[in-house]
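Input: a single structure, listed below in structure tokens.
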Amino acid sequence: MNRISLVIIQSSVLIEFAINYIYTLNKEVKRQYRMILSFVFMNNLSDEFFMNEALNQARLAANILEVPIGAVIVRNQEIISYGYNKKETFKNSLHHAEIIAINEACKKLGTWRLCDCELFVTLEPCPMCAGAIINSRISRVIFGTEDLKSGACGSVLNLFDLSFNHRPKVTRGILREQCSSILSDFFKNLRKR
Ligand SMILES: [Zn+2]
């Protein structure tokens, strides 16, 4: 990637960040902005761009005092579903960001097969979510920061390395610092309360 592309990506992440803080802009404006970006990059938006969207989801979780973990599912460079942790809201351990995003993607696409989809998530998936990812045939998982206590994509174990009938590709460490600090800041603030 040349230097100009890199500068454009960095600027686009900043602009995206600004847009998410301008509540007066509606979804249609955001969609058109993403279409322009995807045209500029010849339909090749970066992993950082989509991880930033997952981070925005994590911020929504933090706003309602949920542990800030966010996810998006992308197909053909388009975000088809969003999810953030809602375990406390529903008092239910199944409501992880990834499960919510997978659920929405299946509803939207009308199928359980998400073969041509990629899942971006701020924290390494747990065994439950890694299992759901295998079962839904997601082609690639991109996560931000490692979960040393319950990560199932290499930290505690690697479910994607075992001989199941589907083995998603994994990309780790995208926007690792931001994905990690949103969690540590959240717990720091919680202790102050
Ligand atoms: Zn999980």
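Please treat every number below as a calculation from the coordinates, not as lab data. In this text, all values refer to a predicted model and were calculated from it rather than measured experimentally. No Cβ is skipped: glycine too gets one built from the backbone with ideal geometry, and neighbour counts run over all protein chains shown.
Strictly over 32 Å apart at the Cα level, which of Lys149/Lys192; Lys108/Lys188; Lys87/Lys108 would you flag in this model? Can you show the working numbers first?
Numbers: Lys149/Lys192 23 Å; Lys108/Lys188 37 Å; Lys87/Lys108 23 Å.
Check vs 32 Å cut-off fails for Lys108/Lys188.
Applying 1/(1 + (r/R0)^6) with R0 = 25 Å to the Cβ-Cβ distance of Ser155 and Ser181, what FRET efficiency is obtained, to the nearest 0.05?
Working from the Cβ atoms, E equals 0.85.
Among the chymotrypsin sites (Phe, Trp or Tyr not before Pro) in the range 147-193, which ones are in a DSSP loop with at most 16 other Cβ atoms within 10 Å of the Cβ? Mind listing them?
Qualifying residues, ordered by number: Phe164.
Taking amide H positions as placed in the peptide plane 1.01 Å from N, state which residues far from Gln77 in sequence (5 or more) or on other chains have amide H under 5 Å from it.
Close amide H contacts, sequence-distant or interchain: none at all.
How many angstrom separate the Cα center of the range 115-136 from the Cα center of the range 85-111?
11 Å
At a 10 angstrom cut-off on C-beta neighbours, averaged per residue, how do the peptides 171-179, 54-62 rank from highest to lowest?
Details: 171-179: 17.2, 54-62: 22.1.
Order by mean packing, descending: 54-62, 171-179.
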